[in-house]
Amino acid sequence: MAQNDFERRLYEHRQRIQHEHEKSLKQLEVREIIGPVPQREKDELLRRHLAELERADKRAIEKLDDLRFQQQLELQRLGIPDMYQTSNIKVMHQQRLTLLKILKACGN
């Protein structure tokens, strides 16, 4: 699967969570027409929504980290200089520069 498709799916998943929350909020608004909804219930809805978004974001970060590690490993296997699995931001920046130099040399 291409990385952009993967990222798009993660984004769409987050959007579905947001849409479900908005739907729940609208249901609360309808219920408030009939009578007051306790603040505690509203707060709980928001808390659950934020917790679900946080879980989704953490899973997305873990999946993107896994993808980065797989890409680094494949580039290392191909013999690209300076490529190895790392989370070090400075090293990843250097890896990016190395890849850009290679792409430039190839005419891309």
- Task: Return the residue satisfying two criteria in turn: it lies in the stretch 1-11 and is surrounded by 11 or more Cβ atoms within 10 Å (Cβ to Cβ) and among the charged types (D, E, K, R), and of such residues it is nearest to Gln70 (Cα to Cα).
- Result: Glu7
- Failed condition for Phe69, given (1) out of contact with any Ser or Thr (no Cβ under 9 Å at 6 or more places or on another chain); (2) without any contact (Cβ under 8 Å) to a residue 24 or more places away in the chain; (3) surrounded by 11 or more Cβ atoms within 10 Å (Cβ to Cβ): (1)
- Message: If I go through the stretch 30-58 residue by residue, how many of them are more than 30 Å from Gln70 (Cβ to Cβ) and either assigned to a helix (DSSP H, G or I) or touching a Cys at 6+ places or on another chain (Cβ under 6 Å) (or both)?
- Response: 17
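Kindly provide the set of residues from the stretch 2-18 that are in contact with a Leu (Cβ under 9 Å, 6 or more places away or on another chain) and aliphatic (A, V, I, L, M), ordered by number. Talk me through it step by step, then tell me what you get.
Step one: of the stretch 2-18, the residues in contact with a Leu (Cβ under 9 Å, 6 or more places away or on another chain) are 3, 6-7, 10, 14, 17-18.
Of everything in the stretch 2-18, those that are in contact with a Leu (Cβ under 9 Å, 6 or more places away or on another chain) and aliphatic (A, V, I, L, M) turn out to be Leu10, Ile17.
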- Going by the conditions given, is Gln27 on the phi < 0 side of the Ramachandran plot, assigned to a helix (DSSP H, G or I), in contact with an Asp or Glu (Cβ under 8 Å, 6 or more places away or on another chain) and not β-branched (Val, Ile, Thr)? no
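Please verify whether Gln15 is of a type outside the set (Lys, Arg), open to solvent by 80 Å² or more (accessible area, probe 1.4 Å) and not in a helix (DSSP H, G or I), treating the condition exactly as stated. Show your work before the answer.
On the way: of a type outside the set (Lys, Arg): yes; open to solvent by 80 Å² or more (accessible area, probe 1.4 Å): yes; not in a helix (DSSP H, G or I): no.
Here the answer is no, as Gln15 does not meet what is asked.
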- Task: Could you tell me whether any residue of the stretch 78-96 is in contact with a Leu (Cβ under 9 Å, 6 or more places away or on another chain), part of a helix (DSSP H, G or I) and either surrounded by 13 or more Cβ atoms within 10 Å (Cβ to Cβ) or free of Cβ contacts under 8 Å to residues at least 12 places away in the same chain (or both)?
- Result: yes
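The values are calculated or read from the model by the stated rules, or taken from the named source; none is laboratory data. It should be emphasised that the depicted structure is a prediction, and the values quoted were computed from it without experimental measurement. Here Cβ is always computed from backbone atoms with ideal geometry, including for glycine, and neighbour counts include all displayed protein chains. All accessible areas refer to the heavy atoms of the entire protein, side chains included, with ligands and DNA or RNA removed. Shrake-Rupley method; radii C 1.70, N 1.55, O 1.52, S 1.80 Å.
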